[in-house]
1. Could you list all residues from segment 102-154 that are closer than 18 Å to D84 by Cα and not in a helix (DSSP H, G or I)?
2. Contact list please: Cβ distance under 8 Å, first residue in segment 14-33 and under 21 Å from A98 (Cα atoms), second residue at pLDDT below 95 and of a type in the set (V, I, T), pairs at least six apart or on different chains.
3. Can you tell me which residues in segment 60-104 are in contact (Cβ under 8 Å) with a residue 24 or more places away in the chain, more than 7 Å from the ligand (Cβ to nearest atom) and out of contact with any helix residue (DSSP H, G or I) (no Cβ under 7 Å at 6 or more places or on another chain)?
4. Conditions first: (1) in contact with a Ser or Thr (Cβ under 6 Å, 6 or more places away or on another chain); (2) more than 13 Å from the ligand (Cβ to nearest atom); (3) more than 30 Å from I9 (Cβ to Cβ). I44 passes all but one, so which condition is the exception?
5. Touching a helix residue (DSSP H, G or I) at 6+ places or on another chain (Cβ under 7 Å), at pLDDT 95 or above, under 24 Å from V138 (Cα atoms) and assigned to a helix (DSSP H, G or I), is that true of I38?
6. I'm checking my understanding of the structure. Among residues of segment 110-132 that are in contact with a Leu (Cβ under 7 Å, 6 or more places away or on another chain) and either near the ligand (Cβ under 9 Å from one of its atoms) or aromatic (F, W, Y) (or both), which one is nearest to V8 (Cα to Cα)?
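The values are calculated or read from the model by the stated rules, or taken from the named source; none is laboratory data. The structure displayed is predicted, hence computed values, not measured ones. Cβ placement follows ideal geometry from the backbone for every residue including glycine, while neighbour counts extend to all protein chains displayed.
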Amino acid sequence: MQDAVTAVINASDAQCQYLDGAALATLTSYFQTGEFRISAAKSINANAADIVKGAVARSFSAAEVTRPGGQLSTTRRYAACIRDLDYFLRYATYAMLAGDASILDERVLNGLKETYQSLGVPVDATVSAIQAMKSVTVDLLGDEAGQEMAIYFDYICAGLSD
Ligand code: CYC
């Protein structure tokens, strides 16, 4: 896993150079957003269950959830879906704190699309649910935190859609 600091240091180290002006400017803007990232993470922690619940309410109809034979008709599938949305929210929050998406590649997206394909989990419905989670996050936490989180929700969606 990388973060905004190690990303800049690794890039400079690869060229055997001290951090240049651009690298230091990147670090300055990351450190300046530190408190904001922590407070966004605190709000997400306090609202995580509501964010997941809200995303489910916005993206699945009652018919889809209860229809016999439907995608989420068994308790097991429904629970797996809620759990997956909670994973996406938790890892997107880690990435937002790190200011770097690499943790999503390593711990969430690696092999996920293939797993979903082999289990018949619909990727398009999953992407819609993540997009719904993004809009619930904006509604609950405001534009600024919502937009920072949007980067990582969109990253997960792009990784599933590749
Ligand atoms: C299943 N989701 C799974 C599985 C994995 C993940 C590995 C297969 C094993 C299992 O059931 O636990 C995802 N596991 C993860 C992720 C991580 C991990 C991301 C990283 C931390 O360790 N079905 C839908 C909805 C969607 C959904 C659109 C919710 C948004 O229709 C999810 N995921 C879903 C379902 C299953 C699943 C229903 C069960 C599929 C099955 O076994 O039939």
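1. N110, G111, G120, V121, P122
2. Partner pairs satisfying both residue conditions: none exist.
3. The answer is F60, R90, S102.
4. (3)
5. no
6. Only one residue tops the list, namely L112.
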